[in-house]
Amino acid sequence: LETEVFPFKSPDNGIITNLPILDVAYYPEERGQYNFNPAATNNILPNPSQSWGGIMREVQTTDFESSNIEFIQFWVMDPFHDEDGNPTHSGGQLFFNLGNISEDILKDSRKSFENGLPTSPIDYITGANINLVDTTIWGRVPTVQVLVNAFDNVESTRPFQDIGLDGLNDADELVFFGNTWGPDPSGDNYHHYRGSNYDADTVNILNRYKQFNGMEGNSPTSNNFGEDFSTSATTRPDIEDLNQNNNLDFRENYFQYVINLNPNDVSPTNVGNNFITDVLEANVRTRDGRNRMVRWYQFKIPIREPQQVIGEIQDFKSIRFMRMVMKGFSEKIILRFARLD
Ligand SMILES: [Ca+2]
Ligand SMILES: [Ca+2]
Ligand SMILES: [Ca+2]
Ligand SMILES: [Ca+2]
């Protein structure tokens, strides 16, 4: 609830609001989508502290100078709190990148976009559709130009297009990458967080979201839901063009900011360091009727004082993307963000 983090804020119009929250769960031991690290066995990575995980998005107001944007500011629920966190967590680092960030997720300088893929099978024997795709180390990319960011209108074609950035369905992934990676070699298969099979197996809430960011099968049409509710995550094709300017941007010029996330650096005695500007403790009543202490930290990063400048970027006039990366963790960590501005 909003009042947990902002106890003195009077609710707008007397309505008690649920605070918009972004939960980020990072599993450094697990192979993510399109990670073909040869050291992985059964999808588990041997040196988790060398892994990284990140999310990026486009920035709508790109000129930070004329719009006077000075801080990245957010609240995080204490991930190391002894009541529900891990006080002996070995920790890691949280990076923020602001600037030009590559959209070329499958790094090959080619733009992957599901809606450019053929709407019927590719057959190398008959030659059907083979001129519509090029082969890359990651799979297939369209050779055609498509300017409308939408799937083909005919519903029956969806299974040929909604197959992820690799341009391969599971069967083709097996042909491409062999059978050492399991039944989903690219690791890109989607599953809605609700599902009869999840219910039957009483899968917990975190595991229910593990495949929700999958890009293969995340846009089923209603005849393919397989449940009596919509299992679609998005009606939009997955595409290596986040800001939708019809361009694959693969420059990496950005400002970098680093926060240390470990039980020593994120503690009530460290306010004033590590970009922590405030700490808040609140007793909340949980749904099962217990009283529980919840601690939130406020972080405020002055964007004019980056720790590092990567590539060529001089000013804050064209900040087109923001990326958040977690690195250096050897065990799972869950970050609950409130008001990430
Ligand atoms: Ca690419
Ligand atoms: Ca795929
Ligand atoms: Ca797959
Ligand atoms: Ca998709």
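Values quoted throughout were computed directly from the atomic coordinates according to the rules given, and no laboratory measurement underlies them. No experiment lies behind these values; they were computed from the predicted model shown. For neighbour counting, all protein chains shown are included, and Cβ atoms are generated from backbone atoms with ideal geometry for every residue, glycine included.
Three principal axis extents describe the C-alpha atoms of the chain; from largest down they are 69, 53, 48 Å. Summarised in one figure, the compactness ratio Rg/Rh of the stretch 114-224, Cα atoms and Kirkwood Rh, is 1.00.
With a cut-off of 12 Å between beta carbons, the residues surrounding residue 196 carry a summed charge of -3, where Lys and Arg count +1 and Asp and Glu -1. Modelled label positions at residue 235 and residue 177, each set 7 Å beyond Cα in the direction of Cβ, lie 3.1 nm from each other.
Please rank 265, 134, fewest neighbouring Cβ atoms within 10 Å first, as an exposure proxy.
In order of increasing Cβ crowding within 10 Å: 134, 265.
Here the scattering of the stretch 16-153 is modelled by Debye summation over its C-alpha atoms, one equal scatterer each and no solvent; at q = 0.16, 0.19, 0.20 Å⁻¹ the log10 of I(q)/I(0) is -1.16, -1.28, -1.31.
Computed FRET efficiency, Cβ-Cβ of residue 150 and residue 58, R0 30 Å: what is it to the nearest 0.05?
Using R0 = 30 Å, I get an efficiency of 0.95.
Our helix-only sum for the chain, with -39,500 (n - 2.57) per DSSP H run of n ≥ 4 divided by its residues, gives a mean residue ellipticity at 222 nm of -1500 deg cm²/dmol. Note on residue 199 and residue 67: their simple-model spin labels are 4.2 nm apart, each label 7 Å out from Cα toward Cβ. Using the Karplus relation 6.51 cos²θ - 1.76 cosθ + 1.60 with θ = phi - 60°, the per-residue 3J(HN,Hα) values for the stretch 154-170 come to 6, 4, 5, 8, 4, x, 8, 9, 7, 10, x, 5, 7, x, 10, 7, 4 Hz, with x marking Gly and Pro. Stokes-Einstein, applied to the Kirkwood radius of the stretch 214-305 over Cα pairs at a viscosity of 0.890 mPa s and 25 °C, places its translational diffusion at 132 µm² s⁻¹.
May I ask you to derive the FRET efficiency for residue 107 and residue 288 from their Cβ-Cβ distance with R0 = 35 Å, giving the value to the nearest 0.05? Show your work: numbers first, answer last.
Details: r = 47 Å, r/R0 = 1.34.
That pair, residue 107 with residue 288, gives E of 0.15.
Highest GNM mean-square fluctuation, the chain, Cα pairs closer than 10 Å: which of 93, 314, 211? The residue that fluctuates most here is 314.
Mind giving me the FRET efficiency for residue 132 and residue 281? R0 is 56 Å, r the Cβ-Cβ distance, nearest 0.05 is fine. Rounded to the nearest 0.05, the efficiency is 0.45.
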